[in-house]
Protein chains: 2
Amino acid sequence: MVDTGRAAILLAARRAFALQPYAAVTLRGIAADAGVSASLIVKHFGSKELLFDAVADFSTAATQLLDAPNDQLGRHAVLTLVRSRRRHNSDLLLRVVFAAGSGDERALLRERFRDQVISQVAERLQGQTKDLRAELFAAQLLGLGAVMAIDKQGPAATATPEQIADLYAPALQSLVNP
Amino acid sequence: MVDTGRAAILLAARRAFALQPYAAVTLRGIAADAGVSASLIVKHFGSKELLFDAVADFSTAATQLLDAPNDQLGRHAVLTLVRSRRRHNSDLLLRVVFAAGSGDERALLRERFRDQVISQVAERLQGQTKDLRAELFAAQLLGLGAVMAIDKQGPAATATPEQIADLYAPALQSLVNP
């Protein structure tokens, strides 16, 4: 299960880089958390620097979340976020919130989020308020990810993706086409 | 400036309890972060246990956010969240997201959030989906807090509370009265 190992490493790395200063993070610690050997991390990611780069990258998440025409973007993004969490027990975007503290590497995570997520949404919108609306679109997704993370047996964590989309997606869509 | 000291202590305590296991948190560390003496913390809060209790309490936040009739609840909650952040450079709810990890004290924070925020919203709603809608209402607020925290010079951090409410509050309101 090489793929499982990779996913477990990424999850453990996200946790480690979110909760500790960059300098304090060790491949050994991440390996222990992921239940793999440090050498498997090197095999998959090369080095701590490259592993951090993988953690700090939101481009794949953005591609998945935004892979729909504008008139279906809200619903597609909500369904994708919820289904991805159900499948991988992990959120596509939420790690950026844990990077709200100080430190260069946290700043990089936030910068990437702005460039790779918020700006990608803004580019697809029209009108004077498009930058604000793009950020609020991202806010909706972060908030949804947050409640699923903090209330793991709660209604949002157990409702079907379609039920959530029915109630939640119109808000995102109204930011796309106000 | 006793009040400033209290606020600074609470902010530092929120950070400390969010990022470290309960046992690792010290009043001395919080005092250093807050720029006050450990004895001032004892004077204000009594003990580490009581300080954590203050950090884990969302009842004041909920009272402020939900202090409006149902037909104005969405706009009131958004305006209150944004104004409070502008005034105190701190979010009324966001610390619960940092409590997504393991540990008894994090579980308490999440439990209080469910009891003091989500359940309070649910009690005011009607219909079969009210628990899910209450959680999504909280999601909207957490997401808004998150983008203001991660993009401190960005559009949501610099727009007026009214501009944000115009674009964002209808989504919350639609969960109150679907």
* Restricting attention to region A:132-160, and to residues there that are among the charged types (D, E, K, R) and at the interface with chain B (Cβ under 7 Å from one of its Cβ atoms), which single residue is surrounded by the most Cβ atoms within 10 Å (Cβ to Cβ)? -> A:GLU135
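Do we find that B:GLY101 is modelled with pLDDT under 95 and within 7 Å of chain A (Cβ to nearest Cβ) in this structure? Walk me through how you get there before you give the answer.
On the way: modelled with pLDDT under 95: yes; within 7 Å of chain A (Cβ to nearest Cβ): no.
No.
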* To do: For residues that are more than 7 Å from every other protein chain (Cβ to nearest Cβ) and touching a residue at least 60 places away in the same chain (Cβ under 8 Å), scanning just region B:161-176, find the one that is surrounded by the most Cβ atoms within 10 Å (Cβ to Cβ).
  => B:LEU172
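The values are calculated or read from the model by the stated rules, or taken from the named source; none is laboratory data. No experiment lies behind these values; they were computed from the predicted model shown. Backbone-built Cβ (ideal geometry, glycine too); neighbour counts: all protein chains shown.
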